[in-house]
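The values are calculated or read from the model by the stated rules, or taken from the named source; none is laboratory data. Everything quoted here is computed from the prediction, not taken from an experiment. Here the Cβ is made from the backbone with ideal geometry for all residues, glycine too, and neighbour counts use every protein chain on show. With ligands, DNA and RNA removed, areas are computed over all heavy atoms of the protein, side chains included. Shrake-Rupley method; radii C 1.70, N 1.55, O 1.52, S 1.80 Å.
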Amino acid sequence: MEPVTTPQLDSDPPLTTESRTRLLPTTADLRARMALPSLPEAHRSIPIASGASWFRKILAFAGPGYLVAVGYMDPGNWATDLGGGSKFGYTLLSVVLVSNLMAMFLQALSAKLGIATGRDLAQACREHYSRRTSLFLWVVCEIAIAACDLAEVLGSAVALKLLFGVPLLAGVLITALDVLLVLALQGRGFRLVEAFVVTLIATVAVCFAYEIFFAHPLWREAAIGFVPRAEILRNREMLYIAISILGATVMPHNLYLHSSIVQTRAFGASSRDRREAMRYAIFDSTVALGFAFFINAAILVLGAAAFHTRSLNNVAEIADAFKLLSPVLGASLASTLFACALLASGQNSTLTGTLAGQIVMEGFLKLRLKPWLRRLITRAIAIIPAALVIGFAGENKVTSLLILSQVVLSFQLPFAVIPLIQFTADRSKMGEFANSRLITILAWIIAATILFFNAELLWLIFRSA
């Protein structure tokens, strides 16, 4: 393989063949220093002790993966998983499994990009593509964030209504206070943001463990459900929910978010330090997404065990599930805990969605606003569509809109996945950390799978129209 030639500054000494590869991380550092960092208020704010034990390093790097994971268990997942479980039983568990494996792989690439280059995905797109292409990708990404935030805002509003009787429209407006929450938490350090997120994830997990205990799932049928079936591709309704699950699981904006927040750790600049940072960051995100997989599977299993096995096949509305859970399961707290978990999930996802909006705006547009204004704009992008939806479509259309928002997310995925694969395979950007040929092939297979699912759904819709 020919040695990689890196650009030199006038003051650089001549590079020998042996020194070129060794100097690649230094070149990446120079490029990173010439550009303002992503999330500057938190950039490299968490120290990493070079002589610490492996366990202490795991704890030091733990956190970003959980911020990413909350996007994989947001209220959009609830609508799609409940609908899939109640209508088709355990069949779509295979889609949940495959989607989560794809998510783990893609988030690992995102972490690699941020650590190796000092760039988040939005910054890398702005520097690599033409201005017109970058603006297009920015618009597409904002649509994805709006679709995701629509699900999160609606989910939080539904939870407030179920728990406290707050009208949906008022609940949507209350979520504007999330801006203040993010500002208050991040102003006290990024570690507090991560601790808050992990606490809410634990709350959701405990609630669903309680639900599953009383639902008494058919574990043998659930295990069989993890085996993919060709029927999913032939049944238009099943495929629609399958793609909704894919869109709800593999989040486009999370690829931008993860490539930024891994840079909150003050790891060393040497090749060895960066490689170690990648190893711990990927471990963090894989474990966190394992929790997300448990919660997604639990929602679908709950829908199958509580409703499908009792011939309640059309319980796709979150409000209907809330009303039926306690009497069906015979557990007095089932409905209340279900709504509490929904509220925790919505609050978690709006928090990380706001951070993603900040990263995307700064990365693509180089637009740096005051934190409160930046987050207010991001929140408005979600609140305004949600308020219009409730005002014009009515409250009974909320779950249908949640599922539709996840399908929209799935169609936005290629516009984030393809640049990510392209950049992480590029040795001029990644240096020695560029993807191997095997990893690149696997990444393109995942991208092709996403495109195939989307095309298949379009074909079925137009064929039956």
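Wrap a convex hull around the Cα atoms of the stretch 81-215, take a quarter of its surface area, and give that in square nanometres.
11.9 nm²
For the stretch 100-171, max minus min Cα coordinate along each principal axis, in Å, sorted largest first?
49, 31, 20
When the gyration tensor of the stretch 141-243 is built from Cα positions, what are the square roots of 5 times its three eigenvalues, in whole Å, from largest to smallest?
Semi-axes (√(5λ), whole Å): 32, 20, 17.
Roughly how many debye, to the nearest 20, is the charge dipole of the stretch 120-211 about its Cα centre, given +1 on each Lys and Arg Cβ, -1 on each Asp and Glu Cβ, and no other charges?
Taking the Cα centre of the stretch 120-211 as origin, the dipole is about 200 debye.
Report the rotationally averaged projected area of the stretch 23-165 based on its alpha-carbon convex hull, in square nanometres.
Computing the convex hull of the Cα atoms and averaging its projections yields 13.3 nm².
Would you mind putting 207-216, 354-363, 223-232 in packing order, based on average other-beta-carbon counts within 10 Å, highest first?
354-363, 207-216, 223-232
How big is the stretch 264-355 on each of its three principal axes, counting only the C-alpha atoms and giving the largest first in Å?
Its Cα atoms span 59, 26, 22 Å along the three principal axes.
Report, to the nearest whole %, how much of the accessible area of the stretch 311-353 belongs to carbon and sulfur atoms, 1.4 Å probe, protein only.
Answer for the stretch 311-353: carbon and sulfur cover 60 percent of the accessible area.
Using the Kirkwood formula over every pair of different C-alpha atoms, what hydrodynamic radius in Å results for the stretch 227-312?
Mean inverse Cα-Cα distance, inverted, gives 16.2 Å.
Per residue, how much accessible area does the stretch 293-373 show when a 1.4 Å probe rolls over the protein heavy atoms, in square angstrom?
Heavy-atom accessible area per residue stands at 34 Å².
Calculate the FRET efficiency for Arg220 and Ala195 from the Cβ-Cβ distance with a Förster distance of 56 Å, rounded to the nearest 0.05.
So the FRET efficiency works out to roughly 0.90.
What order, most packed first, do the peptides 114-127, 425-438 have when packing is the mean number of other Cβ atoms within 10 Å of each residue?
Going from most to least packed, we get 114-127, 425-438.
What is the distance, in nm, between label points placed 7 Å from the Cα along the Cα-to-Cβ direction at Asn314 and at Arg56?
About 6.1 nm separates the two model spin labels.
Relative contact order, percent, of the stretch 100-228 when contacts are C-alpha pairs under 8 Å separated by at least 6 residues?
Averaging sequence separation for qualifying contacts and normalising by length gives 9 percent for the stretch 100-228.
Any idea what the dipole of the stretch 73-162 comes to, in debye rounded to 20, about its Cα centre with Lys/Arg Cβ at +1 and Asp/Glu Cβ at -1?
Charge dipole, the stretch 73-162, about its Cα centre: 220 debye, nearest 20.
Quick one: 3J(HN,Hα) in Hz for the stretch 439-447, Karplus 6.51/-1.76/1.60 with θ = phi - 60°, rounded, Gly and Pro as x.
With the stated coefficients, the stretch 439-447 comes to 5, 5, 4, 4, 5, 5, 5, 5, 4 Hz.
Rounded to the nearest 20 Debye, what is the dipole magnitude of the stretch 248-291 about its Cα centre when Lys and Arg each give +1 and Asp and Glu each give -1 at the C-beta?
The calculation lands at about 140 debye.
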